[in-house]
Amino acid sequence: MKHLLAAALAACVACAAPAFAERSDREQPVNIEADRLTVDDRNKVHVFEGNVVLTQGTLSIRGDKLVVTQDAAGFQNGVATAAGERLASFRQRREGSAEYVEGEAERIEYDSRTEQARLFNRARVRSGGDQVSGHYIEYDAITENYLATNAPQAGSPGTAPGGRVRAVIQPKNDGQPAGAQ
C-alpha cells in the first residue's frame, strides 16, 4: 500500500508545478493520517476520509478525502478533494532550492499513466512569486507544459474578473538592486 500511495501522490504533487520537485522525496516513506480508511484490495481502491494529511519528505497533501486507485497495468490515479468552501492543497520544496511550490483547488487529480496533474475549480499554483489561477489548470510532466482555462460561465467564484485565467510572473532578479547597471 505504501508503494502505491507513494507513486501516485508524490507524482501528483511533483507534477502540478512548473518546477522540479525535490527528487529525494520519492525515496522517503509515505505517512498518511485520516479519520477513516477504507481499503478494497480486490478493486485496488484506498479511500482516506476526514482531515487527510499525507506527507512524504517535503511533500504535503491535505484534503477532506483522498482516493487512490490502481489499474490492471499498475498505473495509479490519485484524487484529493475538499468539502464545502475549503480547498485541497499540496506543498513541496523545489529541487535545489529553499522555495516551495504550492497549489490548491476543490479537486486535484493525478494520472501516473499520462503523467498529468489536473486542478479543478478555484485552481491556483504558486512557485516563488509566480502565480497561475483559473477554473482549471493542467500540467504535463513529460512536456513541462501548462494549460489554464477559464470557467464555463464567466465570473464563476474563484476565477479572475470576467472568468479569465490570471498569471503573475515576477521578473528574474540578477542580484542587482532595481535601477543598478
Checklist outcome for this item: For residue 25, the lone unmet condition from (1) part of a strand (DSSP E or B); (2) modelled with pLDDT under 75; (3) among the charged types (D, E, K, R) is (1)
Checklist entry - Which residues, taken from the stretch 98-119, are without any contact (Cβ under 8 Å) to a residue 40 or more places away in the chain and more than 13 Å from the chain's Cα centre (by Cα)? => result 98, 114
Checklist entry - What number of residues within the stretch 32-48 are open to solvent by 50 Å² or more (accessible area, probe 1.4 Å) and farther than 30 Å from residue 98 by Cβ? => result 10
Checklist entry - When you look at residue 132, is it hydrophobic (A, V, I, L, M, F, W, C), outside any loop (DSSP other than H, G, I, E, B) and more than 23 Å from residue 52 (Cβ to Cβ), yes or no? => result yes
Checklist entry - Out of the stretch 63-114, which residues are open to solvent by 50 Å² or more (accessible area, probe 1.4 Å) and not in a loop (DSSP other than H, G, I, E, B)? => result 65, 70, 77, 91, 93, 94, 100, 102, 107
Next on the checklist: If residue 122 meets every condition in (1) free of Cβ contacts under 8 Å to residues at least 40 places away in the same chain; (2) more than 18 Å from the chain's Cα centre (by Cα); (3) crowded, with 19+ Cβ neighbours inside 10 Å apart from one, which number is that one?
Outcome noted: (2)
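The values are calculated or read from the model by the stated rules, or taken from the named source; none is laboratory data. This is a predicted model, so every value here is computed, not measured. Cβ atoms come from the backbone with ideal geometry, glycine included; neighbour counts cover every protein chain shown. These accessible areas exclude ligands, DNA and RNA; they are computed on the full protein's heavy atoms, side chains included. Shrake-Rupley method; radii C 1.70, N 1.55, O 1.52, S 1.80 Å.
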